[in-house]
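Asker: I am attaching a structure below and will ask some questions about it afterwards.
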Amino acid sequence: MTFVQVIACETSRADRLNRLMDAWLEATRGKRTATHPIVGRERGDATHAVEKT
C-alpha cells in the first residue's frame, strides 16, 4: 500500500523549508521509507508552500 503525506503552509521563508528538508533527508538517510520528498511553492502566491513525503 502506498502512503502519501501532503503538508500545506503559508510562509515568507521558503528557503528555510528547503534547508529543513535537506537536514531531515541527511538525518534520516538509510532509515526512512519516504523515497521522493518534495517542497514546492505556488506560482500565484509565493508564500504558499507544499511539502510532499
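The values are calculated or read from the model by the stated rules, or taken from the named source; none is laboratory data. Not measured: the values here are computed from a predicted model. Here the Cβ positions follow ideal geometry from the backbone for every residue, glycine too, while neighbour counts run over all protein chains shown.
Asker: Which pairs have Cβ atoms under 9 Å, sit 6 or more apart or on different chains, and link a residue in segment 17-39 that is over 9 Å from T53 (Cα atoms) to one that is surrounded by fewer than 12 Cβ atoms within 10 Å (Cβ to Cβ) and of a type in the set (A, V, I, L, M)?
Answerer: Sorted first by the residue in segment 17-39, then by its partner, the pairs are M21/I38.
Asker: On to the next question. Of everything in segment 6-19, what is in a loop (DSSP other than H, G, I, E, B) and touching a strand residue (DSSP E or B) at 6+ places or on another chain (Cβ under 7 Å)? Give them in sequence order.
Answerer: Within segment 6-19, T11 is the sole residue that qualifies.
Asker: Kindly indicate which of R41, R32, R13 is exposed (fewer than 12 other Cβ atoms within 10 Å of the Cβ) and of a type outside the set (G, A, S).
Answerer: Values: R41 fails: exposed (fewer than 12 other Cβ atoms within 10 Å of the Cβ); R32 fails: exposed (fewer than 12 other Cβ atoms within 10 Å of the Cβ).
Exactly one of R41, R32, R13 is exposed (fewer than 12 other Cβ atoms within 10 Å of the Cβ) and of a type outside the set (G, A, S), namely R13.
Asker: Hey, could you check segment 20-53 for residues that are part of a loop (DSSP other than H, G, I, E, B) and among the acidic types (D, E) and say which is nearest to the chain's Cα centre (by Cα)?
Answerer: Here the residue is E42.
Asker: Touching a Cys at 6+ places or on another chain (Cβ under 9 Å), small (G, A, S) and at pLDDT 80 or above, is that true of A8?
Answerer: no
Asker: If only one of R29, R41 is at pLDDT below 90 and either out of contact with any Cys (no Cβ under 8 Å at 6 or more places or on another chain) or among the basic types (K, R) (or both), which one is it? First the steps, then the outcome.
Answerer: Numbers: R29 fails: at pLDDT below 90.
Answer to the selection: R41.
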